[in-house]
Structures are given as structure tokens and as C-alpha cells.
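Right, one structure below, let's go through it.
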Amino acid sequence: MESEKHTMDVGYVAKLAAIELTDQEKELFQSQLDQVLSYVEQLNEVNLGEVEVRNESAASHDQLRSDDEGISLSHEVIMANAPSASSGCVRVPKIIDQ
Amino acid sequence: MSDLKSMTIGALKAALQEGEASAQEVVEQLLTVVEEDAGRVGAFLSLDKDSVREQASVCDEVRGAGNDKKLLGIPISIKDLINVKGDPCTCSSHILEGYVAPYDATVIRKLREAGAILFGRVNMDEFAMGSSTENAALGVTSNPWRLDHVPGGSSGGSAAAVSADHTIASLGSDTGGSIRQPAAFCGCVGLKPTYGRVSRYGLTAFASSLDQIGPITKNVWDAALLLEVISGEDERDATSLREPVPSYTKALEQTTSLEGVTLGLPREYFVEGMDPEVEEAVRNAVEQCRALGAEIVDVSLPHAKYAISVYYIIATAEASANLARFDGIRYGMRVDGADPAALYAKTRASGLGDEVKRRIILGTYVLSSGYYDAYYKKAQRVQQCIRNDFESVFKECDALIAPVTPTPAYRKGEKTDDPLKMYLDDILTTSVNLAGNCALSLPCGFSSDGLPIGLQLIGNHLDEENILSIAHLYEQHTDWHKRKPEFLS
Amino acid sequence: MKQYEATIGLETHVMQQTRTKMFCGCLRVYGADANTHVCPVCVGYPGAMPVLNRKAIELCCKAGMLLGCSINRLSRWDRKNYFYPDMAKNYQITQADDPLCLGGKLEVEVDGVTKVFDIERIHQEENAAKNIHAAGASLVDYNRAGTALMEIVSTPCMHSAEDALAYMTAIKQIMQYGGISACDQEKGEMRSDVNISVRPVGQSELGAKVEIKNMNSFAFIKEAIEYEVDRQISVLEQGGTIDQETRGYDAERGETFVQRSKEDAHDYRYFPEPDLLPLTLTEEEMEAWRSELPELPAQRRARYVEELGLPAYDAAVLTADKATSDWFEAVLPYSSKAKPISNFMMGEMQRLLTEKEITIEACKMMPEALAKLVDLIDQGVISNSAGKQVFEILFDEGGTPESIIEAKGLAQVSDDCALEQWADTAIAENPKPVEEYKAGNPASINFLMGQVMKASRGKANPGAVMQLLKQKLDG
């Protein structure tokens, strides 16, 4: 399989995925993932002429929940799990850009 | 005192019912062997002795008051990605350090209602991504049959604990083979239920459209009983199926012959490079079924060879979104940054392992602008072909019979540097997840190295009764499941 | 000089008035203590799964029906991926290709001209959490996270700030009438993203689109559109080009500013939400919802004019706000005197509501009390001015007009003996006006009338007094 052809911009995609990569990781993942992408090229050989994805099942109205109050978590549980909290809120670094 | 720790659920139930043993005695035996193991098998990530003893004592009281329940006093170990109220749920990842689950998964609620003892949390590949339990950030698990071999994965801890008699039974999860493959590698019975049969509420999602929780046990009857307890519609899981849950144990007890049963032998499942010992063991099992009355027919699943490609596109795409919530904001670990974006990137860089990062990146890529149609959309259509293949073979046969893995368990470290090679090991299991069918793995032989070999029975949608019955009958006529790893003696 | 034309499309987010959130049973409460209505689902805990709220689906479909959309029998759910601290799962559950409602239209009057604006779609999604900006950090409150939010998307069919305002006002009215949302903009229950482009008149393709995001005040939306249209035209006139970008509106400076350029546009990576099956609606349930649809403001206005004989102006004022209109409706079963009731509602009622800064729901008066009040004035039991006094007391304290009239001694005197005596005294003591009246100056009777009213301290029935005086002077 021609693995040269299939390449992704690992740096860009990792940014989309919110994962910081070292140059070393970038290089390693690049070659490993290019191999995988090259392998999945096999899907191009499948003749998909007539194939349409069917809905195996669909939810009917009575599988929806009624608008009734359920059990919420206590405020303390949310705060205890948060790595940083203040004023009853989860604390995050200052958000600048909207 | 008799050896309680190596009993099946069925045997232990009888012993408890007859008053020959107490739940407290069972857990003491298990706690002792786990402690003595000192990490040789290393199946457990955490085991709260006080909690286990407390639960056991309650079970004995309940029984003393004249009550019985399906799993009263039976210790069950839980893969560490299922939420149990008040416990950590690490998913074998650093990123969930500090997280304490505030709620019970539906399967946990059902186990509690059935009287089970929640016996510790068992190891796995990080976020269930892996086939060897080597992608585990918090501990190493070994194959009890040969300690320098992998137990399989991702439910490696679940299978190793059962196989080593460190627990009575366990729950695992199966997204592409993660119950069946470790069960095969460790000589256990592992069942992946039909998609939607068991509620996923509280199961930390890897690939939501493929994930199912299922039992890993010492024999088929145990798997049937455990499935009976955990199955059923759940108002908290919109994808759970509404069909009533039959008594699986009753079904298999009633099956005494395979007369009238047609088993399909999918030719694509005997792949190139398959270990000859595996092939031989499976073919022997096929003959055994024939001898028990089954009719064997050759069938073809022409798109089976594309399953790995489809699987690694669909599963990673879903995972890229499912794992986005592990961002250091609301729970788990955090590496601070100047702004939220920096915090996310640093937290995820430090908290997630390589394989998880690789899969998130791959999944992000196949969904990204300009590539969605070429990868995700196409994979969905080929997935439909795979479904169609199964649909058509199930018109002519009752179940499929096949190997679980191309080889028995391999040495640790053998495949860790080559992700694609590791992925290709899932070749015989992923199709079932993509089609939503049920399948189980049960022991059908041993390699010359003394490693277990698994037999896979694949059933139609909601046809668990059928594959359990066939497996049970086969098991009755073989004794593979009775063998124990050497190190136990 | 070239003429330019602005093209405007709106994406309006409306929070539905369900009791609980879109995908979990946490209550939807505004103004509660931070992070007190939260659960594993809406805070995005591991293993939590969404389940659709039936009421939200109903309200979204009803909104579609009221706006003339077709309802999709089969709709689907998708994930929209982006990392942001207000999005607990770092994806939003929404509907991409198969929303609940498709195609619709809204007939609106803009400056006396009837226009039809096209609606492209309405889809159901979930709200984000609230970020609070504190010193050196931001704080997240998840109470709002996962509440039901629909997005009503218009086609690029508007051409002025007035168009946009009329469109949003009509949407707001319909949402309120339909019981779909209170659309309280102060609570963020109705927010719009505005897409604006400008092109030379006669050019067929649209200009580059600028999006101004997340505005809740109609006044600011109007200002922002006006500013942005002017800005784009002046850029084009100076030979520049418009960049496709996202801008914000700075209300203090009265101008828009760049937030995100096209290059930085998000790649949302939409894909089918695997935790939710496609949703199928049956004809029966859709029929049931259709049968529950309320009368819309336009229909009410027509009925007020045609059946109640109200002037068009009255009909428009009364229906502008659903609460007022509903109150008016509640009076109707007790009275057929629509016009005097309308006068009270447009006059005294509005004055008191504004003065006391309360909503009509908080006023103590019962609708039947207003009906009775109008009857009593009509029958001459009390005067118009006394009626206003009674109205105010009813407004503040409730009760019945009769008891107030009695307690305050406001009833008019129509008793013949008393009136005779006052009339005779007035005629006897004022020969000059009497003479003038008899000499052919009818206005002079008013002076005598005033004398009688004075003597009665305002309680004499003016009609009866006039009749009596004429009788005595003409006779």
C-alpha cells in the first residue's frame, strides 16, 4: 500500500482535539496514523452503489421522558469533584475571546 | 473449609443456600488470595476491604432472615470504567485522578438489587482502548496462564481476576472484542450482549454506538445468570431495548441436544496468518457440535475483511467526542494554563496516554471538515454492508461458530510499538459490534504452550438464549473450562 | 453613486418553558444559587446519557406549526464539537441535517406594509452553562447547562433593521401566545445571531456575510444592524471588500468589532449523536398538538375588529402582549361592551401598570369586576370620573365595584325628590342664566347644571339633571 499518499496534519488535528503534543509525539503519531489511514484506504474498493444507511431503530414518542423533576446532585458533590472552585462555581482561567 | 474462591456462581449459590458457606467466608478467601498475589496477576486497581466485608456481612444477615436473591452474597468485580457511587472510576487513566463517581451505573444498581457483593475494581486498557491491558496507566495485569503474557484487553483485569480465582465473576465492556478476546486469552466465558440489551448508563463511553457491558465468568451458566440480572430496558439509556428479558438460565438448562440447530462457519473468519493450533481447536469444536446434532454450513460474510477499517473510523470518531469531556474543568486532574484552551491542551497532554491520544486524533481527523465524507460517511455505508451480511447469513443458520482471535495470548510488549498490528488482532470480533449482534467466547482448547484458546459463537439480534444454550451444551461435553492455571496449584 | 441593499437573516434562540432540562430531570430555574440544579447528565460526568424531554419536543413542534413549518416525521440528533468552558461535554447536542421543523413563514406589518419573511428551519438543541467573569478568572454555573433551546433560522429575507425588529417582535408574540417561551430577554430567553451582508442594488449574488452573535436587546440589535450596514457600505464605497467574519456589538460605543475571522472559524465536526435514536413522531400526536394550538395575535386582532367592533388601533394595542390580551379575553364573557372595556385597558390599566411597575398578572382586579364597573357607569350608577376612582381601588385591592361605591359613597343620585329640590333652588337663585336660556341661548343651561352638581357634591346623575332642568325651563 502506498503509505506516502495518506497523511494528515497531526499538529492541526491535535489542536482541534485540544491535545498539546511534543515534536517527538507529533512525529511518532504522524507515522503511526499515516499507516492506519493507508490501511483504511481499503474501503475505497467496496462497491457502495446501492447501499444506504438504514435506521436500525428509531425512538418512538413514548420512549421520551416526561417533563418531571429527577434527582439532581448536591452542590457539594459538584464542588468536591471540581479541581478548582470558588463562589459556588467551577473556576477556570479567565475567558477572553467569546 | 472448602475452596470457595474457585467456585462458579452456580456452585457458590448452592453452597450459600445450603448454609455450607457464608458470604463472609467467600470474601475472606478472595481477599487473602488477592493480597498474596502481590501484583503477580495484578488484576485489581482497587479493592476496598472494609466495604467488601461490610457488604458480605449484610448479605449473610439478609440470608439469615430467610431471604434469597439471584446473586445474594456473590462477589462480582467491576471493570474500572463503570460508575459506582462513592468510588473512584479511573478508566485506567491519570486524567480521572481525584474523580469520585456521584452515582451508580444502572448495571451496578441491578447488581446491588440482586444482592451481589461489589468486589473491587479491575484493570483495563485506558478508556477501553487496547487489546492487551498494556495501555493502562495505573497498573500491569498479567495472564494467569503465563505471567509474561498479556491477559488480552481491554477487559484484561476482568478476565485475569476470574481466571486466577481472584473473584467469582466480573463485568467487562466490549466495543470491538474487549470482553470476548480477554476471555479467550484467559480461558473464561465472556459474553457481549446484543447492542441495547444492557443499559450503558454509567458506563464511561468509548464508542457509544458499539459499547456493551457484559459478563466474564467461569462457565456458561454463570454468564447466563449474570446477563439475566443486568439486562433490560432502562429509562436512562435511550438506546436500551424494550424487549422483555427471558430467563437465560432456564433456556440453557432445557437444551439437551443440538438436533435441528444449524451452525454457520464463516469462511472469512479463518484468516491468513491464523495460528494453526487455534484453527485446529476451533475445527475440533465444530466437529464436536456436529456430533451433538448440529448441522454445519459454510457461510460467507464478504465484508468482514473491512471491519477493522470501519471500526477504527466509527469508534475513534465517537471517542473523539466522548472523551472531550475529560478537560480538567469539572473533575479529575488539571494542569493549569493561561486561558481555558491552554488548560485543556496541557491537561489532556499530561493526563491521557499515547494510545488514547492517537485514537482521539484519528477520530477528530475523520470528522473534520473536508474528510467527513471520505472517512466517516463511507465507513457508515460499509458498516451497513457488514450488517447486511449478518442479516443474510442468519436467514439460513441459527448461530455462527468461529475463532475469537487469530492467536492465543502473546508476550507482553510484543505489539505495543505497532498500533496497526494491535488493531488487526480485533479482526474477528469487531464485526459483531458493528452489526450490533450478540456473541460469546468460551474455552475450546489449549495451545502447546498451555495457553487457552477461545471459541466464538455469534447470535442474531437478541438471540442470547440460543448462543448460551449451544455453548452450554458444548461445555457439558468438554472439560476445557475446568482447567486451572498452573500457578494456582 | 451606487445604491446598496442590505440583506439580513436571523438565527433566533428561544428557551422553551419546560419544567426540567432538555436531557435530564434537573429543574430549569432562573436566578437560583449557582450549581444547585445539576446532575451527571448536564455537567457531563463520565457515563451519563441524555434522554429527550417530551415537553420540549412538543413545544418545538408547536412553534413550528404556529410558524407554518412542516414537521419532520423523522428527525435526528447530532453532536457539534467545540471546546468551551460553558459546554460541559465539549459538544452540544443539536440537529444538523434533519431538524424537527422545516420551512415556514411569518407575515408581518412593517411601517404599514405587509411583508412575508421566510423561515428556513427550527431545530432543537441544548443551552450552554453560564460563565461569570470574575477578577483574574472565570466562574462557571451549570444551572442553565442543558436547558431546552430552539433555534429559529430565517432565510436571508430581510433588508432593514425595521424588518428585523418587526420579525423578532412577531416571533416573540407568537412564542408567548403559544406558551412556548416567555421570551424574557433580560433572562436571556430570547437571543439572536444576526447575519448581515450588503450588495449593490441589481447584483444577484449576496455580499460577504458578517455575523453578529448573541444579542438579546431589540434596541441593540437595531443599532447594531444600522451601524453594520453603514459600515459595510462605506467600506465598499471606498473600494474595500467585506471579510466574512464574526463581529460583536459594543453597545456603549455603538459600534461592531471583529471577534473571529473566517480563518479562525470553528470546525464543528458534526456527526450523528449515538446516544439518541432518530425521533419518529406519529400523525396522532402531531394532530393532538395541532388541536391545542392557541389563537395567534393576528387572528385575535381580526376577531376584535370583526366581531367586537373595536377599532384596529385598539385591537393592535390589546394584542401586543399576550398577558394583556388574555386579561381582556377574560372580561368578555361578562360583558358585551367591548369598547368601554378596551378604553379602560388602554387607558387606566396601562397607566397604573406603568406607574406601579407591575405586570397585569399582579394586578388585584378580577376581570368580572371590570365588566361590572363598565355596566354601572353605563347605567348611570356612577359617573365616569368616579369610575376611574373605583378602577384604581379595584386595581390595588380587588373586591367588587358595588362594595367600593358603597363604602366610598360614590353612587350618583337619581332620586327625583332630591334632584327637584336642587333644580328648583338653582333656577330660583340664578335668574340671569335662566333668562338667557329662555332667550334662545341653550348653552346657558350648563351653568345651572353645574350648580346642581355642586349642590349634590358631584353625586347627581348628570343625565337626569339635564332632563329635569330642560323639563322645568322648557315647560
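Let's see how each residue does on (1) modelled with pLDDT of 95 or more; (2) in a loop (DSSP other than H, G, I, E, B); (3) surrounded by fewer than 17 Cβ atoms within 10 Å (Cβ to Cβ); (4) among the charged types (D, E, K, R):
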| residue | (1), (2), (3), (4) |
| --- | --- |
| B:Ala223 | yes, no, no, no |
| B:Leu226 | yes, no, no, no |
| B:Asp234 | yes, yes, no, yes |
| B:Glu243 | no, yes, yes, yes |
| B:Ala251 | no, no, no, no |
| B:Glu259 | yes, yes, yes, yes |
| B:Gly264 | yes, no, no, no |
| B:Val286 | yes, no, no, no |
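Please determine whether any residue of segment C:34-52 is touching a Ser or Thr at 6+ places or on another chain (Cβ under 8 Å), part of a strand (DSSP E or B) and either more than 7 Å from every other protein chain (Cβ to nearest Cβ) or open to solvent by 10 Å² or more (accessible area, probe 1.4 Å) (or both). Checked against the condition, which is being touching a Ser or Thr at 6+ places or on another chain (Cβ under 8 Å), part of a strand (DSSP E or B) and either more than 7 Å from every other protein chain (Cβ to nearest Cβ) or open to solvent by 10 Å² or more (accessible area, probe 1.4 Å) (or both), segment C:34-52 yields no hits at all.
Restrict the check to segment C:300-309 and report whether at least one residue is assigned by TED's automatic domain parsing to the domain that holds C:Ile171, more than 22 Å from the chain's Cα centre (by Cα) and farther than 30 Å from C:Ile242 by Cβ.
Restricting attention to segment C:300-309, the residues satisfying the condition of being assigned by TED's automatic domain parsing to the domain that holds C:Ile171 are none.
Checking segment C:300-309: not a single residue is assigned by TED's automatic domain parsing to the domain that holds C:Ile171, more than 22 Å from the chain's Cα centre (by Cα) and farther than 30 Å from C:Ile242 by Cβ.
In summary, B:Leu45 fulfils each of the numbered conditions (1) open to solvent by less than 10 Å² (accessible area, probe 1.4 Å); (2) within 23 Å of the chain's Cα centre (by Cα); (3) more than 14 Å from chain A (Cβ to nearest Cβ) with the single exception of condition (1).
Conditions (1) assigned to a loop (DSSP other than H, G, I, E, B); (2) among the hydroxyl-bearing types (Ser, Thr, Tyr); (3) at pLDDT 95 or above, marked per residue:
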position	(1), (2), (3)
B:Asp165	yes, no, yes
B:Ser170	no, yes, yes
B:Ser173	no, yes, yes
B:Gly176	yes, no, yes
B:Pro182	no, no, yes
B:Phe185	no, no, yes
B:Gly190	no, no, yes
B:Thr194	yes, yes, yes
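Against the numbered list (1) more than 23 Å from C:Val465 (Cα to Cα); (2) in a loop (DSSP other than H, G, I, E, B); (3) not acidic (Asp, Glu), C:Phe391 comes up short only at (2).
Annotation: of all residues in segment B:438-486 being among the polar types (S, T, N, Q) and touching a helix residue (DSSP H, G or I) at 6+ places or on another chain (Cβ under 6 Å), the one that is farthest from B:Ser209 (Cα to Cα) is B:Ser447. Look at (1) more than 13 Å from chain C (Cβ to nearest Cβ); (2) touching a strand residue (DSSP E or B) at 6+ places or on another chain (Cβ under 9 Å); (3) surrounded by fewer than 24 Cβ atoms within 10 Å (Cβ to Cβ); (4) among the hydrophobic types (A, V, I, L, M, F, W, C) and you find that B:Ala374 fails only one, number (2). For segment B:202-244, the tally of residues that are away from chain C (no Cβ under 14 Å), in contact (Cβ under 8 Å) with a residue 40 or more places away in the chain and more than 19 Å from the chain's Cα centre (by Cα) stands at 1.
Test B:Ala315 against the stated conditions and say whether it is assigned to a helix (DSSP H, G or I), open to solvent by 30 Å² or more (accessible area, probe 1.4 Å) and within 11 Å of chain C (Cβ to nearest Cβ). No; evaluated as a whole, the condition is false for this residue. Tell me whether segment C:351-358 contains one or more residues that are in a helix (DSSP H, G or I), polar (S, T, N, Q) and free of Cβ contacts under 8 Å to residues at least 60 places away in the same chain. Yes: one or more hits.
Can B:Tyr365 be described as surrounded by fewer than 24 Cβ atoms within 10 Å (Cβ to Cβ) and of a type in the set (Phe, Trp, Tyr)? Break it down stepwise before answering.
Working: surrounded by fewer than 24 Cβ atoms within 10 Å (Cβ to Cβ): no; of a type in the set (Phe, Trp, Tyr): yes.
When the stated conditions are applied, B:Tyr365 does not pass them.
C:Ile196 satisfies every condition listed in (1) open to solvent by less than 30 Å² (accessible area, probe 1.4 Å); (2) under 22 Å from C:Lys62 (Cβ atoms); (3) part of a strand (DSSP E or B) except (2).
Here is a check on your reading of the model: is C:Gly458 under 28 Å from C:Glu355 (Cα atoms), open to solvent by 30 Å² or more (accessible area, probe 1.4 Å) and outside the structural domain of C:Ala330 (by TED's automatic domain parsing)? Yes: the conditions hold for C:Gly458.
Of the strands (runs of 3 or more DSSP E) entirely within segment C:54-141, those holding at least 2 residues that are buried (at least 19 other Cβ atoms within 10 Å of the Cβ) and touching a residue at least 24 places away in the same chain (Cβ under 8 Å) occupy C:78-81, C:91-94, C:101-110, C:113-126, C:137-141.
Does segment B:268-276 contain any residue that is closer than 29 Å to B:Tyr372 by Cβ and touching a helix residue (DSSP H, G or I) at 6+ places or on another chain (Cβ under 8 Å)? Looking for residues that are closer than 29 Å to B:Tyr372 by Cβ and touching a helix residue (DSSP H, G or I) at 6+ places or on another chain (Cβ under 8 Å), one finds at least one in segment B:268-276, hence yes.
Filtering segment C:267-297 down to residues that are modelled with pLDDT under 95 and assigned to a strand (DSSP E or B), which residue is surrounded by the most Cβ atoms within 10 Å (Cβ to Cβ)? Looking at residues that are modelled with pLDDT under 95 and assigned to a strand (DSSP E or B), I get C:Leu279.
Among the residues of segment B:51-73, those that are acidic (Asp, Glu) and either farther than 12 Å from B:Ile117 by Cβ or surrounded by fewer than 16 Cβ atoms within 10 Å (Cβ to Cβ) (or both) comprise B:Glu54, B:Glu61, B:Asp68.
Listed by first and then second residue, the pairs linking a residue in segment C:1-28 that is under 14 Å from A:Leu64 (Cβ atoms) to a residue that is surrounded by fewer than 22 Cβ atoms within 10 Å (Cβ to Cβ) and of a type in the set (Gly, Ala, Ser), with Cβ atoms under 6 Å apart and 6 or more places separating them unless they lie on different chains, are C:Gly25/A:Gly70. Restricting attention to segment B:176-183, does a residue exist that is surrounded by 24 or more Cβ atoms within 10 Å (Cβ to Cβ), over 13 Å from the mean Cα position of the chain (by Cα) and more than 17 Å from B:Pro452 (Cα to Cα)? Checked against the condition, which is being surrounded by 24 or more Cβ atoms within 10 Å (Cβ to Cβ), over 13 Å from the mean Cα position of the chain (by Cα) and more than 17 Å from B:Pro452 (Cα to Cα), segment B:176-183 yields no hits at all. In segment C:378-411, the residue that is farthest from C:Ala362 (Cα to Cα) out of those that are exposed (fewer than 15 other Cβ atoms within 10 Å of the Cβ) and of a type in the set (S, T, N, Q) is C:Gln379. A count restricted to segment C:122-157 and to residues that are over 22 Å from the mean Cα position of the chain (by Cα) and more than 30 Å from A:Glu69 (Cβ to Cβ) stands at 8. Residue count for segment B:148-163, restricted to those that are farther than 17 Å from B:Ser46 by Cβ and part of a helix (DSSP H, G or I): 3.
Selection of segment C:245-266 for residues being exposed (fewer than 14 other Cβ atoms within 10 Å of the Cβ) and touching a helix residue (DSSP H, G or I) at 6+ places or on another chain (Cβ under 7 Å) yields C:Ala251, C:Gly254. Within the bounds of segment C:35-48, is there any residue that is in the same structural domain as C:Gly188 (by TED's automatic domain parsing), within 19 Å of B:Glu318 (Cβ to Cβ) and either at pLDDT below 95 or among the acidic types (Asp, Glu) (or both)? Checking segment C:35-48: not a single residue is in the same structural domain as C:Gly188 (by TED's automatic domain parsing), within 19 Å of B:Glu318 (Cβ to Cβ) and either at pLDDT below 95 or among the acidic types (Asp, Glu) (or both).
The values are calculated or read from the model by the stated rules, or taken from the named source; none is laboratory data. Model, not experiment: these values are computed from the prediction. All Cβ positions, even for glycine, are placed from backbone atoms using ideal geometry, and neighbour counts span all protein chains on display. Areas reflect the complete protein model, heavy atoms only, side chains present, ligands, DNA and RNA absent. Shrake-Rupley method; radii C 1.70, N 1.55, O 1.52, S 1.80 Å.
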